[in-house]
1. What do you get for Rg/Rh over segment A:482-604 if you use C-alpha atoms and the Kirkwood form of Rh?
2. With a 1.4 Å probe, what is the total accessible area buried between chains A and B, in Å² rounded to the nearest 100?
3. Cα-Cα over 21 Å: which of A:LYS35/B:LYS256; B:LYS234/B:LYS332; A:LYS2/B:LYS150; B:LYS234/B:LYS256; A:LYS230/B:LYS254; A:LYS434/B:LYS334?
4. What whole-number distance in Å separates the alpha-carbon centres of segment B:99-133 and segment A:133-156?
5. Over the residues of segment A:374-585, compute the C-alpha Rg and express it relative to 2.2 N^0.38 Å.
6. Taking a probe of 1.4 Å, how large is the accessible area per residue of segment B:111-349, in Å²?
7. Would you please give the residues with an amide H less than 5 Å from that of A:LYS434, counting only those at least 5 places away or on a separate chain, with H modeled from the backbone geometry?
8. So what is log10(I(q)/I(0)) for chain B at q = 0.08, 0.11, 0.15 1/Å, when the Debye sum runs over its Cα atoms only?
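The values are calculated or read from the model by the stated rules, or taken from the named source; none is laboratory data. For clarity, every value in this text was computed on a predicted model and none was experimentally measured. For neighbour counting, all protein chains shown are included, and Cβ atoms are generated from backbone atoms with ideal geometry for every residue, glycine included. The protein model used for the area step is the full one, side chains on, heavy atoms only, and it has no ligands, DNA or RNA in it. Shrake-Rupley method; radii C 1.70, N 1.55, O 1.52, S 1.80 Å.
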Amino acid sequence: MKIASEHLLRWWTSPGPITRTALAQLLDDVGIEVKRSEEGGTLLSLELLANRGDHRCYLGIARELHGRMGGTLVLPTCDPVVVGAAPVPLSVLSPLCLRYCLTALTLPETPGALDEADLLPVLAAGLSSVSAAVDATNITNLEFGQPTHLFDADTVVGGVTVRESRAGETCRPLFSTRDVSLPVGTLVIADDVKVLAVAGVIGCEESKVTNGTRRALLESATFDPVAVRKASRALGIHTDASARFERGADPSLVEVGAGRVLYLLRSRVGAEVVGETALEGSWVNPQRTLVLDPERVSHTLGRRFPVQEILSRLCRLGFDCWQRGSEVEIEVPPGRTWDIHHVEDLYEELARSVGYNDLPATLPSDTLGVSPTPGQESRERVEEVLLGAGFYEVITNGFYSRELIDPLPVPQGHALRSHVSTENALDRAFSLLKNNTLVQALDTVAQALRYGQQEVRAYEYSRVFLPDPTAPNGLCRERQVLWAVSAGPARAPSWQDKSGAADVWLMRGLVEELAAELRQVFSFRPGPVPEMLVSDLLHPARRAAILHEGQVVGILGEIEPDLVAAYGVKRQRPIYLEINVEVLLISTRSQSATLPPARPPSVRSLAFTLPHRVEAEGVAQSLRTAAAPAGKPRLSRVEVADLFVHEAPDGGLASRTVTYTLNFPQEPTSFSEEQINAAVFELVGVVERRWGAAGVHLRGAI
Amino acid sequence: MTPLDETREALAALEDAVNAQPSLGELDELRRKFLGKTSVVKGALKRVRELPADERPAFAAEVNRIAAVMEERLQTAAVASAERARAARLNAEWADLSLPGTGPRRGARHPVTVVERRCLAVLRNLGFTLVDGPEVEDEFHNFDALNIPKHHPARDMQDTFWLDSKRVAGGLLLRSHTTTVQARVLGEGRSLPIKVASAGRVYRNEAVDATHLAMFHQLEGFWVDRGLRFSDLKGVLAEVVRGLYGADSRFRFKPKFYPYTEPSLGMDLACTTCEGAGCPACHGAGWVTIIGAGMVHRNVLTTFGYDPEEVSGFAFGWGTTRMASQLVGVAKVKALYDQDLRLLHSIHRSA
């Protein structure tokens, strides 16, 4: 709302001189936020509190300032309204119309105009002057917060009825060139044949006043806020009147509003009232009373509030109040029945009238600190590993568009095609709640490459939404995941050397580091991972399940090359990792360490040649689990030390030679070189018996 | 020429030789030449017997002195030579440290997370424990329980993403604020005091542009107990802001409206860019609203079975997205959510 500070100061006389800057600060301080000050502070753009319909006019703002500062509240002149016989037959058939008054008047042949001073609030609000009649209603709304409307009486057929609309009913709102359908039950003002106005929202073209109008009917009314809100939303029409009514107007102001319009039109252009004013409606002043305990007020606001001060402040704000014993009884004025329900609402009135900044601040005694939750601690630790490996945290949306998932190489009916949908998204990009994070990971890579960023390392703690009618909410389960993606060189490229590409082993190493940080054991199961939704989006020969205590808790692998190409990623083979956050939240095991041996172990190497698709870990496992007779050297550790890929034979697949390092402890029993060598020989036999048929053979021993 | 003259001449020759800065190898040669078995010095000493007995001591003493001088010259030259050799070697090992470093590069948390962690740390110090909540919510926890009835204008403040009504009866939606966690925690019927922080993604069905997002981050805290007061809320907020922005930060309070609190307030911080003078970052106001807060509305307490005559509470929250944008100086917050690694690199690497 935009107001003229000069006009405001006509309504409220400050107890002392007040500068424009001080006025703006004062408005801010009472909760009427000055968003912008123009023309040296003569024009103020205000942001009003959503619950304070009464603030949407000069009277409401002036009353707020009066409540805070005192001074004088000056109401503009209104003509008296004589309630009596209706100028035309009037029926109010719906309880959604709270009060309705209708006055007949004649307008002069020469339209005339209002004074420049009268028009100040209209022009300050950014409205144009239309005609004296229309301007008078606009002024009244801006000044009193009482919307009024003029009908051309010569267009009204029969009587005026306030009722709810019927099936198939239409109207043509002001400024519209087409009729619109009215939802059944919309509160309307109608004559015997047509709708004259949508109550509280807008008038209609057929009955509007023009410069040729000589006989008019002046409506001043209050309608149910919800009814107005529903109509406004259904028609998509938002007006100053609907904004006012939706927040609850003051039913006691309908006569005042009519009186102000009548005064302006009579005194400025010579309009004349014809007969008496009809007044109908279901509203009865609820005369809501509340009782304030000054002790409780003082306790809550942290400062002593004597009874007299409470009375004085609330009276200035327009409340009727009186002392009863040690308490204060307050009657809520009709215009505030929409927002004053409880004593706490009055606490706020008192706090505002003092100024929030002038109330004390205290600190409760119970402010001892607490430790981070296990989840917070775990996440910190996991992130330290990721950050140390050069990963950047990104934040992706909780949803995506259908177009983004179209390229997925999975058929209709696949779980990846099942989503929770948003019903009313303004943007198609938000039509589906994501059920996986791989698509956005790939999108992150594609975007980075588009921008020339070759080294991509990104991660996110995110959520996926998996449709599940058996979920407690009947719709979906939320699963929290940690995902990471890497593409480009394994290390930051430098002048010193050119690193190889980030690959699945780099990502596996990251998982191993996470496991070490959390003191957990993760194992890997190469191959398809049906437990994970994105398994089908990974390279079939370069993917593995991540297991914890035998359960699948994650997946890693290279993103399927065709899918990568479909997202516009060229010459890169992004690697994706996903881990259920739950597994990262498990409490980390207690730390324990064993002293390293005083005598270093004996170390031997064995190199085996493995045909294509025989896993190195299988052979290593055979070595680890080989039984050693009592009193003989026993292996403590087997590690892969080297790998050599042989040239593939014509039309065949390349075999690999894998060199394993074997550690034999020399404590508590020490063994001779010959004994160690004999044990190695035994292990060769174990491998050849287990893997010989698969084509594994010894390449060399050191 | 006497043997003594020859010896003195040899000393002069040695001094000439060592002045030529010989290498360690050449010094070995000089040692053999001037002090070795066939050297002039050794020859002179062999000829001592040829001298009269009374001249021998003086002769021998002089030859030995010259030999000692030679030895000293050679040793000095050896030290100098070694130093020259070392200096030459080190010089040859020159590394061009103007070249950029090649060590492993650390990544970085997202600025929103950085801000969220700072905020949560401050709240932890005041005793607030983090609680998580679902992002898919029902109408009750997002609106009704928080004193936002159907058709209330307050629902306009938060345009909502509604979900799949075909699949499930009743209104499910994406939470529009983290206050849902307050409703869920109060719904658990916990015993007092309840001191909880919540943080995370929230969703608003808005047209997205550079400064408006359909998904962003919020954080909030709430405290329910017996005897909590409006002044306590102000005191806690002051601690929070001092914890986040420094002990000398300037702030002010102003009335606000939130349906789930009464009285409600907003907290403004003197613009950190212009320190209150007014600038584009604060739209000329000199102040930036950072926190919304208030005393928990009695309807909220009543909904969850707490007697508002006995129990009171307060809640406060703010947008961590906005705070992060202020922190890193990125006015267009959408950029922070574009997964743009260039921007994240530059934020992380900016001095």
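1. Details: Rg = 17.3 Å, Rh = 16.3 Å.
On the Cα set of segment A:482-604, Rg over Rh gives 1.06.
2. Buried: approximately 8100 Å² between B and A.
3. Pairs exceeding 21 Å: B:LYS234/B:LYS332; A:LYS2/B:LYS150; A:LYS230/B:LYS254.
4. Cα centroid of segment B:99-133 versus Cα centroid of segment A:133-156: 57 Å apart.
5. On the way: Rg = 16.9 Å, N = 212, 2.2 N^0.38 = 16.8 Å.
This ratio for segment A:374-585 stands at 1.00.
6. 35
7. A:PHE399, A:TYR400, A:PHE465
8. Debye curve over Cα of chain B, log10 I(q)/I(0) at q = 0.08, 0.11, 0.15 Å⁻¹: -0.53, -0.83, -1.25.
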